[in-house]
Amino acid sequence: GISPNAVAERARDKEVHKHHLASLVASSADITQFVQENVAAFNGASLDRTNYDLLHELLEAQAYRLAYWRVAAEEINYRRFFDINNLAALRMELPEVFEAVHGLVFELIGAGAATGLRIDHIDGLWDPHAYLAELQRRARELVGAEGEEKPLYLLVEKILEHDEHLHADWAVHGTTGYEFATQVTAVLIDREAEADFTATYAKFVGAKQSYSEIVYRSKLVTMRVSMASEVNVLGHMLNIISETNRWYRDFTVNALTTAIREVIACFPAYRTYISPAGEMSEADKRMILRAIGVARRRNPALERTVFEFLRDVLIPSADNPHPVYEKARREFVMKFQQCTGPITAKGVEDTSFYVYNRLIALNEVGGDPGKFGADAGTFHAQNAARLAEFPHSMLATSTHDTKRSEDVRARLAALSELPAEWGRALRRWSAANRKHKTEIDGEMAPDANEEYLLYQTLLGSWPLEPMSAEELQDYIQRIQAYMQKALHEAKVNSSWIEPNAAWDSASDEFVAKILTPGRSNKFPELFAPLAARIAEAGAINSLSQLVLKLTAPGVPDIYQGQEMWDFSLVDPDNRRPVDFEHRKAQLASLAKNHDPADLLANWRDGRLKLFTTQMLLRFRRGNSALFGHGGYTPVTTEGVFDECCIAFHRSDEDSEILVAVPRLSLRVASPPIGDAWGNTRLGFNVCGDWRDVVTGREYSAGQDLRLADVFRDLPFAVLARSAH
């Protein structure tokens, strides 16, 4: 039997029999020999060493089937965690699972030890809306907050695509902030350089495909390789539904699975959020119809009625319900939604982001590398929308999952301001390094796209100080490890499932050879000038994004180590130990001397970033009401460099601030301070006495806010005024 008692009894008997057999073997040489001979026979250790029939028959008698590990991607029929075959996902929609998983969490909330939660991979849940509502309901009970809608500070890791908004009816305070990282990067990029960058990339790499085409093909690869089993399950589910309808019962499993695959490949966002009861928003309906429409156009040879059937299953007509298969239909819809998210994540973040390398500052979680930057007006609109919708949403610029640290991304945003210099540098560097490539099957390794990615990676991560021999070796190993990950994620010349050892080795050799100094290696000296210029401009960008993060609507998040310059790359590079003792020592030195001129002159040591972080966090702590619900108004700029400044005003009944930071600073000067700003001024009337939070410089009523004055000491300003 399969009752719990029968299972337990068999488990006990098994141990008893094992004990008896062990005793017999220990007491008798003949029995020992007999057992050993039988084991040898089962292992095929006979005259015919290929005879494994006994072992095969034994395995065939088991309740499982042994299989090659790669079969799992195609045949495992339970929902997995992305493409890791040995991690099955937890079914939070089952009450018993929910209770078992959240036992410790609820204990901490009840004790007041935890007041907020960060929910990862929310899109993988069966019903995110219900899950979040249940978390808040339990929190209300535990802390005695009856009547309070959201007593628990709750953030979700949700990637918002394009113009997608977080659902207003979710019981959360916002997201974990990936969208802010992409928004602040976009506003620091020179949009006017798009055509030049596109042309340079196409010429160097020979790129023909658009980013959207790469995403489409990458999602198809994901569904045919690492997540084939999920799509196959969906195909079989849809086939069962089709067989209950006389109009669609002749569709084959293959045709239905192909239609599912194509629609998911054309999905414009991570997923829809149709409820288990079938409730659907207009946004979800538009998303499904758009995906089906694009999929049909891409597949004119596939019978259109297959797509029409899939449409009717996902969006049933109220006038033509199908009660016979309604339960199966809803099960399919919920499962379909759960699959689109991880497929998109694998196809976009973990594949396309390593294939399309036009400007990798844009290749960030939640970003769209196909869109080249944004203007200040767009950034202001995004801040205002966040304040109106989720004012306590998190603002992140670096996390454990970002593809590059905030400082690396800031440098690469500065690269957008130098399209001509970038093009010339590429040609010089490539010519000098051609001799270090390896020919493999008629192709040169690394290929042009990988080389293009490598040079940007070096510009973004190059250390600020000269490296010792030991430091250089460590840096080379970091870059080699990063390029190995990039090669495997791209799945073009190598991959995790089918590593190309020769190509991987050629990549390592190329990195080592171009970075190792020597008389025959010209690359280091050719690389140095642009690297130095990008490092300075990147530092200005980094300070701008730091100030914006600490003053814009939302709750700033500072990832470990980012208090000072940090040029880490993707995981595991960003998990390296942080030197907190050094940061403590630098904070102690700032307590004695924080002269702005000295901090700016010695910007490479990172104290300027640390001091700015300290002062603005201290100011936030003393003005929680202002940052919690204070208003947000964009401030215009006028003059010769009016496009090179982002400014806004925030206020509440007790205090107000005026924030101004540079963008596109290479148009102004390096560094962009003082008289370099010419006649550029802020369109803001100063009333009362104001004081710069970081530098202490004071401004009085009626003073003309020229950027030459506002940016006199540092290339940013946060002016504050108290109503009292």
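The values are calculated or read from the model by the stated rules, or taken from the named source; none is laboratory data. Only a predicted model underlies this, so the values are computations on that prediction, with no experimental measurement involved. Cβ sites come from the backbone with ideal geometry, for glycine too, and all protein chains shown count toward neighbours. Just the protein is used for accessible areas: all its heavy atoms, side chains included, with ligands, DNA and RNA removed. Shrake-Rupley method; radii C 1.70, N 1.55, O 1.52, S 1.80 Å.
Give the residue that is surrounded by the most Cβ atoms within 10 Å (Cβ to Cβ), with candidates limited to residues of segment 675-688 that are out of contact with any Phe, Trp or Tyr (no Cβ under 7 Å at 6 or more places or on another chain) and under 23 Å from Asp595 (Cβ atoms).
Restricting to residues being out of contact with any Phe, Trp or Tyr (no Cβ under 7 Å at 6 or more places or on another chain) and under 23 Å from Asp595 (Cβ atoms), the top hit is Ala676.
Keeping to segment 583-604, report how many residues are without any contact (Cβ under 8 Å) to a residue 12 or more places away in the chain, part of a helix (DSSP H, G or I) and within 23 Å of Ala535 (Cα to Cα).
Residues in segment 583-604 being without any contact (Cβ under 8 Å) to a residue 12 or more places away in the chain, part of a helix (DSSP H, G or I) and within 23 Å of Ala535 (Cα to Cα): 2 in total.
List the residue pairs whose Cβ atoms are under 7 Å apart, where the first residue sits in segment 273-296 and is open to solvent by less than 60 Å² (accessible area, probe 1.4 Å), the second is among the acidic types (Asp, Glu), and the two are 6 or more positions apart or on different chains.
Tyr273/Asp284; Ile274/Asp284; Ser275/Asp127; Pro276/Asp127; Ala295/Glu262
For residues in segment 689-724 being farther than 14 Å from Val635 by Cβ and assigned to a helix (DSSP H, G or I), which is most open to solvent (accessible area, probe 1.4 Å)?
Asp709
Listed residues Thr680, Thr637, Thr633; which is free of Cβ contacts under 8 Å to residues at least 24 places away in the same chain, hydroxyl-bearing (Ser, Thr, Tyr) and touching a strand residue (DSSP E or B) at 6+ places or on another chain (Cβ under 8 Å)?
Exactly one of Thr680, Thr637, Thr633 is free of Cβ contacts under 8 Å to residues at least 24 places away in the same chain, hydroxyl-bearing (Ser, Thr, Tyr) and touching a strand residue (DSSP E or B) at 6+ places or on another chain (Cβ under 8 Å), namely Thr633.
Considering only segment 422-447, state which residues are under 15 Å from Tyr201 (Cβ atoms) and either at pLDDT below 95 or open to solvent by 30 Å² or more (accessible area, probe 1.4 Å) (or both).
Correct list: Arg424, Arg427, Asp447.
Among (1) modelled with pLDDT of 80 or more; (2) over 27 Å from Met394 (Cβ atoms); (3) not hydrophobic (A, V, I, L, M, F, W, C), there is one condition Thr50 misses while meeting the rest; what is its number?
Single failed check for Thr50: (1).
Within segment 131-157, how many residues turn out to be in contact (Cβ under 8 Å) with a residue 40 or more places away in the chain and either open to solvent by 50 Å² or more (accessible area, probe 1.4 Å) or more than 19 Å from the chain's Cα centre (by Cα) (or both)?
3
Looking at (1) open to solvent by 40 Å² or more (accessible area, probe 1.4 Å); (2) in contact (Cβ under 8 Å) with a residue 24 or more places away in the chain; (3) of a type outside the set (Val, Ile, Thr), find the lone condition where Lys208 falls short.
(2)
Select from segment 461-513 the residues that are farther than 20 Å from Lys437 by Cβ and among the β-branched types (Val, Ile, Thr) and list them in ascending order.
Residue satisfying the conditions is Ile497 alone.
Scan segment 672-690 for residues that are closer than 27 Å to Arg618 by Cα and at pLDDT 95 or above and jot them down.
Pro672, Ile673, Gly674, Leu682
Identify the single condition in (1) in contact with a Leu (Cβ under 6 Å, 6 or more places away or on another chain); (2) in a loop (DSSP other than H, G, I, E, B); (3) under 21 Å from Glu349 (Cα atoms) that Glu417 does not satisfy, given that it satisfies every other one.
(3)
Between a residue in segment 108-122 that is within 23 Å of Lys158 (Cβ to Cβ) and any residue that is assigned to a loop (DSSP other than H, G, I, E, B) and open to solvent by 70 Å² or more (accessible area, probe 1.4 Å), which pairs come within a Cβ distance under 9 Å, given they are 6 or more apart or on different chains?
From segment 108-122, the pairs are Ile109/Thr115.
Given the residues Phe567, Phe619, which is the only one that is part of a loop (DSSP other than H, G, I, E, B), of a type in the set (A, V, I, L, M, F, W, C), at pLDDT 95 or above and surrounded by 14 or more Cβ atoms within 10 Å (Cβ to Cβ)?
Phe567
Looking only at segment 295-305, decide whether some residue is closer than 18 Å to Asn239 by Cβ and of a type in the set (S, T, N, Q).
Yes.
Going through segment 18-28 one residue at a time, which ones are open to solvent by 80 Å² or more (accessible area, probe 1.4 Å) and of a type outside the set (Lys, Arg)?
Listed by number, the residues that qualify are His19, His20, Leu21, Leu24, Ala26, Ser27.
Of the residues that make up segment 186-193, is at least one surrounded by fewer than 18 Cβ atoms within 10 Å (Cβ to Cβ), outside any helix (DSSP H, G or I) and out of contact with any Phe, Trp or Tyr (no Cβ under 8 Å at 6 or more places or on another chain)?
no
Scan Arg663, Arg607, Arg667 and give me the residue that is under 22 Å from Glu536 (Cα atoms), open to solvent by 60 Å² or more (accessible area, probe 1.4 Å) and touching a residue at least 40 places away in the same chain (Cβ under 8 Å).
Arg667
Pick from segment 390-409 the residues that are in contact with a strand residue (DSSP E or B) (Cβ under 6 Å, 6 or more places away or on another chain) and assigned to a loop (DSSP other than H, G, I, E, B): which of them is least open to solvent (accessible area, probe 1.4 Å)?
Of everything passing the filter in segment 390-409, Ser393 is least open to solvent (accessible area, probe 1.4 Å).
Being aromatic (Phe, Trp, Tyr) and outside any loop (DSSP other than H, G, I, E, B) is the filter here, so list the residues in segment 122-172 that pass it.
Tyr131, Tyr153
So that you can scan it fast, the table gives a plain yes or no per residue for (1) over 25 Å from the mean Cα position of the chain (by Cα); (2) in a loop (DSSP other than H, G, I, E, B):
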residue: Val263; (1), (2): no, no
residue: Ala269; (1), (2): no, yes
residue: Pro276; (1), (2): yes, yes
residue: Met280; (1), (2): yes, yes
residue: Lys285; (1), (2): yes, no
residue: Leu289; (1), (2): yes, no
residue: Arg296; (1), (2): yes, no
residue: Leu302; (1), (2): yes, yes
